[in-house]
Amino acid sequence: MNSMTSISVESHDVFADMFDVFDASFAVAEFDLDGKVMRVNDNFLALTGYDEDEVLGEYHAKFLSRDIAEAPEYGLCWADLRAGKNKRVVLPWVTKSGERKWVEETVGPIRDAKGAVVRIVRLGVDVTARHDSFADLQGKVDAIEHSYAVIEFDLAGNILTANYNFLVAMGYYRSDVVGKHHSMFLEPEYAQSTEYRAFWRSLAKGKTTARQFKRLGKDGREVWFEASYSPVYGADGNVCKIVKFATDITDQVTSLVDLKSTLESGFDEVDQSLCKFDQSYGDLSQSCRQAQAHLEVSTMVAGRLVSSVDETGQRLNELRTVADRAYEHAIEGDGAIVSLEDAIDVLRDCARDDAAIIEQINVLEKCLGESARISTELRSDLKAMLSRVAVVSLAIDEQGQITNQVRSEMHGIQTAIETSHGSFDTMIKASEEVAMVVGRTREASVVLAR
């Protein structure tokens, strides 16, 4: 809008003609050179909420907040108006009810026929809605400027401006980047690529691009942005520039890279542990199979041992029975010898002096004595044998109990080995599942660190 042109008047009545022209569109007020209200229209009264008799003779400062009215700039403004200068200002007016309204004032002096300033006319328009909308928009812009790294480019990728956040993230001063091409932040190979040229062509055609970007700061260090490149359209509807809104995520990316490295190291250790586990399981499985084979042989031998022990016990029982009978027969033989001795004594008495018979009796007595000696020794040997058979029988009974216990324990060992083998199979399946989970987690970590 252009400033209001000073108006020369012949008389006080000239303002009445002007009033009719502006009355329909503006809140119009006429002031003397001291700022007192001389005339107002209905729009002015509607805007401020006052009646006419409440404003006539009052100063212009009545409609402003105290901080505005007492500011040095306000006094200088009136001095310029009295000097014949024109002004356009947007001021916060305070209505009768205390409501604040933003008013755009076009202010100019009214001159008489001699060119002297005689009055001041102020044409006001209520721009509260526009001001609030602009303030809201400006607040959002300020929030973006405060929160994001912002940089603007022309359609060819040349830098127009960059805000503080972007410059700090990249390590440059504004003078270092303005007028330079965006490619200064890239690795040379990518900056010369067809893909990069296509990127700027698409932006110039109005395409928005948003993703994570790796850039190089002033010292060649990597800087990562979560950013969007957005076309800005001019009044003619064509793209006039490109603006980039970005968040510095370098720390997060670095943390993710470190995390990926840590995960990879951990996965390597897990892989090594799984390999050792598989090897250990293989060795253990082989040992179990060997133990199973030895156990089967031992079980077979134990079975044979049990059978042998049973058979030996049976033979000893038979031996003890025969020995008992022999011992009984030996005792009976002793009785027969005693009877023979008695018979010999009778024969000796009958033979009296018959030398031949006596000689035969002596031979018989000698044989009978030898038989008695042998019978006594046999009985003693049989008794000793019976004692030893009893000891051996007791030992065999105990051996039988131990052998049965051994066989029972071997059966228990076989059951335990079979159970352990099943547990090992379950364990190796679990380790295979662990390996699969580790593989999927490793893939996830790779995606996470991109």
Item to check | Shape category assigned to the range 42-87 from the gyration tensor of Cα positions, a/c cut at 1.5 | outcome: prolate
Item to check | Relative contact order (percent, whole number), the range 78-150, Cα cutoff 8 Å, 6+ residue spacing | outcome: 24 percent
Item to check | Under Karplus coefficients 6.51, -1.76 and 1.60, residue-wise ³J(HN,Hα) of the range 201-209 in Hz, glycine/proline x | outcome: 5, 5, 5, 5, 8, x, 7, 8, 10
Next on the checklist: Strictly over 29 Å apart at the Cα level, which of 87/244; 101/140; 140/205; 140/241; 180/214; 36/96 would you flag in this model?
Outcome noted: 87/244
Checklist entry - How far apart, in nm, are two points set 7 Å out from the Cα along the Cα-to-Cβ line at residue 387 and at residue 168? => result 11.0 nm
Checklist entry - Nearest 0.05, what FRET efficiency do residue 367 and residue 405 give at R0 = 45 Å with Cβ-Cβ as r? => result 0.20
Checklist entry - Rounded if a/c is under 1.5, else prolate if a/b beats b/c, else oblate: with a ≥ b ≥ c from the C-alpha gyration tensor eigenvalues square-rooted, which is the range 46-139? => result prolate
Checklist entry - If you take the square roots of the eigenvalues of the alpha-carbon gyration tensor of the range 102-212 and sort them as a ≥ b ≥ c, do you get rounded (a/c under 1.5), prolate (a/b over b/c) or oblate? => result prolate
Checklist outcome for this item: Of all GluC sites (Glu not before Pro) in the range 62-156, the ones in DSSP coil with at most 15 other Cβ atoms within 10 Å are 70, 99
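Bear in mind these aren't lab numbers, they're just calculated from the coordinates by the rules spelled out. Owing to the predicted nature of the structure, the values given are computational and were not obtained by experimental measurement. Glycine also receives a Cβ, built like all others from the backbone with ideal geometry; neighbour counts cover every protein chain displayed.
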